[in-house]
Every structure is written in structure tokens, then in C-alpha cells.
Amino acid sequence: MVYKVPFVNYPEHYRRMWDEVIGAISEALSKGDLLLRGQLKQFENDIASFVGAKYAVGLGNGTDAIFLSLKAAGIGSGDEVITVSHTFVATITCIVHCGATPILVDVTEDMNMDMEQVEQRITPKTKAIIPVDLNGRMCDVGKLMKIADEHDLIVIEDAAQALGASFDGKKAGSFGLTGCFSLYPAKMLGAAGDGGFLTTNDAEMDEKIRLLRDHGQQRSTGKILFYGFNSRLDNIQAAILNVKLKYLPEWIERRRDIAEFYQEGLLDIHEVKLPPPPTEAGSYYDVYQNYVIRVKDRDKLVAFLERNGVETIVSWRIPNHTHPALKLGHFSLPKTEELSATVISLPMYPELSDEHVDYVVDVVHDFYKRR
Ligand SMILES: Cc1ncc(COP(=O)(O)O)c(C=O)c1O
């Protein structure tokens, strides 16, 4: 189906910087720079300074950033790791693949980790916490870091959806032992395919992750220091990302403007719960990776928007802890379950025009007028 307002618009995204992107790819290919070369080093340096961390390591995807962080931190069998169920399943998958036990807590109104529950779920086996900064808003990282310090726990930030977001002026990815980011095409900064990276202020972690992503090989000596993995961010992707990173600040501004337009347009529909607008975010600087509204008759509104040419997505219709295959049914997380029944992500990307935002707002108004 061709949507009047698609959920993402990759052709338009690339059309706007076509020559620069093609130029960067051509340059990498003509030099034969494919893996672990200059474009990657440039990306790692620039993204580390954007986030405000000492180091960044380019990886195959955001899932590997979380997985390799846990591995490098020595998390394994017998350890418990606290995270949320209201996240992309990858967060939980990484804990399980390390042999550790995921302990899931509920979320609060902002859809992020409930820090009181985190404190209640700490046991002698707890080794780490993975907070998720969902939809471009950071979790209550002030409280979180206090809890982690008091209990001597490792924090691995799942900042896959929060590149550029900050709390009290400090960016996502600069608080924990590592910050984990996805470069999936629809993310704040998207590769032309899969990609990811992590940030850290810890020199030992930086070195260990560089080895883990490359089979444990110490290239200078030829020694294999431990069993590793293959998870390198390709140079072609890094070359494209170097072009895009320049535009990231203006893309974030545009997303915040769109959030403001949605807020103004939808505020008077009392059936719709909106995320906080940029102007009322207090300590939080939100980047609106997703613009998620909540409504009781979610599926009817999704169908109405679809019939009127507006593509939306629902993240996530089935809470992770209720998938029988994941064997997490022993958790009871009422807020997470309520969100799964009510959330809709409206189109949100820098290329979205004001006219398209107005159109989406009109369709939502029409839906509530006709009922
Ligand atoms: C919250 C969250 N965590 C982890 C990931 C995994 O990232 P990737 O798809 O790059 O492996 C994503 C990506 O969608 C995500 O949104």
C-alpha cells in the first residue's frame, strides 16, 4: 500500500543528501577501505564527542552493543540483571544469551523503568541494571545511578532510542559503564542497513570490546586473547554515517518541532494521552525517536488512520513477558500490559512536512468526531 503519510521515508531521506552519500561510498570503495579503516575511526571519534564519552566502538548492531557490554563486564550464569519488559526484545535477549537471569520490572507513566521497583528487586545475585531510554526520553538516570552506586551494580545503558537525549545536560550513553546505541535505519542516526556502537569512559572496556568484536585477535601481535565474536561496523556504513552525523543536531530540532506541532494539534482531544512536549520536559531533553500517543480504542484508531493513508506502528502489542516462548510469564507488570494495549507511534522523522503533520492531526480529530 502507498501511504499518504508513511511511517518512515527513506527515499526522501537519501534524496536530500544523495551526492554526499554517494561521494562517501565512492571514496571508501576507491581506496579499498572496507573494514577497520579511517572512516570507522573518524566515526568513532566524532560520535564519542557527540555523546560526551571518552571512547566509542563501532559494532554490527545495537543488540551486539548490549551483548558485548555484558560479556566484557563478566556477566554470566548465576547473575541477575534487572531491566524492563517494555522494550524491544533485544534488551532481554542479550541477558539470556549471556547465561544470566533477566529480572523484569514495570515502567512508570513516562514508559521508562520504575526505579522504586528496581530497588525492590535487588538481591545478592544482582550484578547489573539495563535501563532503556524509550522513544527518545531518558529514564530517571539520576535516581538510577544513585541506586547503582549504593548497591555497587554495573549500569549498561540501552540508549538505542535516545541518541542526543540528555538528563540535566548530560547525554544518554555517558552515565553507565557503557551506552549502547542502534544505527538501525529508522533510528535518530541510521545506517543504510544494520549498525551499532557503544560508548564508554572506561579504557579497559574500550579495549576489551574492540577485541571482542574482532574474534579476540590482538592484531599487533597476532595473539588470540580470548574467544570473541565478529561484530564490526563496516567502513561503507561509517562513511555514510560521517555524512549524516553533521545533520543530526538539525534533525533533532526538527523532531522536537514536530512534537510541538502534534502537541498543539492534539491537545484538545481528551481521549488521547500525549507525551510531554519539549517545552515541559524539565531536566529531560527529549529527542522524540518515536512520538507515542495512548488511546483506549487503539486498534480502531490504527485502522482508521490506515484507511486514511497514515501508517503507524504499535510497539509493542504483546508484552515481552507474556510470549510463552520466552518463559517470562512469572512476571506481573500491569503498567507494561496497559501500555501494550493503548500505544500508537505516529509518523515522526525529520523529513515529515508540516502539511503531513497537519493531515495526521486532522485524521485523528475526524476519528473522534465521528464516534
Ligand atoms: C530499545 C532497543 N534496544 C535494542 C535495540 C537493538 O538494536 P539493533 O536492532 O540495532 O540490534 C533496539 C532496536 O530497535 C531498541 O529499540
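Please tell me the relative contact order of the stretch 262-371 in percent, rounded to the nearest whole number, where contacts are Cα pairs under 8 Å and at least six residues apart.
Details: 113 pairs, mean separation 37.9, N = 110.
It comes to 34 percent, rounded to a whole number.
What is the pair-distance distribution P(r) of the stretch 1-47, computed from all Cα-Cα distances in 10 Å bins starting at 0, with each bin given as a whole percent?
21, 34, 29, 15, 1
Using a probe radius of 1.4 Å on heavy atoms only, what accessible surface per residue do you get for the chain? Whole Å² is fine.
The answer is 44 Å² per residue.
Over the chain, what is the relative contact order in whole percent, taking alpha-carbon pairs under 8 Å and six or more residues apart?
21 percent
Give the whole-number value, in cubic angstrom per residue, of the convex hull volume spanned by the C-alpha atoms of the stretch 275-330.
Output value, Cα hull per residue: 160 Å³.
Please give the peptides 357-370, 187-200 ranked by average Cβ packing (other Cβ atoms within 10 Å per residue), highest first, as a rough proxy for protection.
Averaged packing, sorted descending, gives the order 187-200, 357-370.
Compute the Rg/Rh shape ratio of the stretch 1-138: radius of gyration over Kirkwood radius, all on alpha-carbon atoms.
Reported Rg/Rh (Cα atoms, Kirkwood Rh): 1.07.
Which order, highest average first, do 162-168, 256-262, 272-278 follow once you tally other Cβ atoms within 10 Å for each residue and take the mean per peptide?
Per-residue mean Cβ counts within 10 Å order the peptides as 162-168, 256-262, 272-278.
Give me the base-10 log of I(q)/I(0) for the chain at each q in 0.12 Å⁻¹, Debye formula, one uniform scatterer per Cα, rounded to two decimals.
Result of the Debye calculation: -0.92.
Beta carbons within 10 angstrom, averaged per residue: use that to sort the peptides 129-136, 315-322, highest first.
Per-residue mean Cβ counts within 10 Å order the peptides as 129-136, 315-322.
Assuming R0 = 45 Å, what is the FRET efficiency of residue 96 and residue 170, from their Cβ-Cβ distance, to the nearest 0.05? Each step should come with its number before you reach the end.
Values: r = 30 Å, r/R0 = 0.68.
Efficiency computed from Cβ-Cβ geometry: 0.90.
With contacts defined as alpha carbon pairs under 8 Å and 6 or more residues apart, what's the relative contact order of the stretch 91-234 in percent? Please list the in-between numbers first.
Numbers: 234 pairs, mean separation 18.8, N = 144.
Value for the stretch 91-234: 13 percent.
Considering the convex hull of the alpha carbon atoms of the stretch 228-315, report its projected area averaged over all viewing directions, in nm², one decimal.
Here the figure is 9.7 nm², rounded to one decimal.
The values are calculated or read from the model by the stated rules, or taken from the named source; none is laboratory data. These figures come from a predicted structure and were not determined experimentally. A quick note on method: Cβ atoms are made from the backbone with ideal geometry, for glycine too, and the neighbour counts reach across all protein chains shown. Each accessible area value is taken on the protein alone, full model and side chains, heavy atoms only, with ligands, DNA and RNA left out. Shrake-Rupley method; radii C 1.70, N 1.55, O 1.52, S 1.80 Å.
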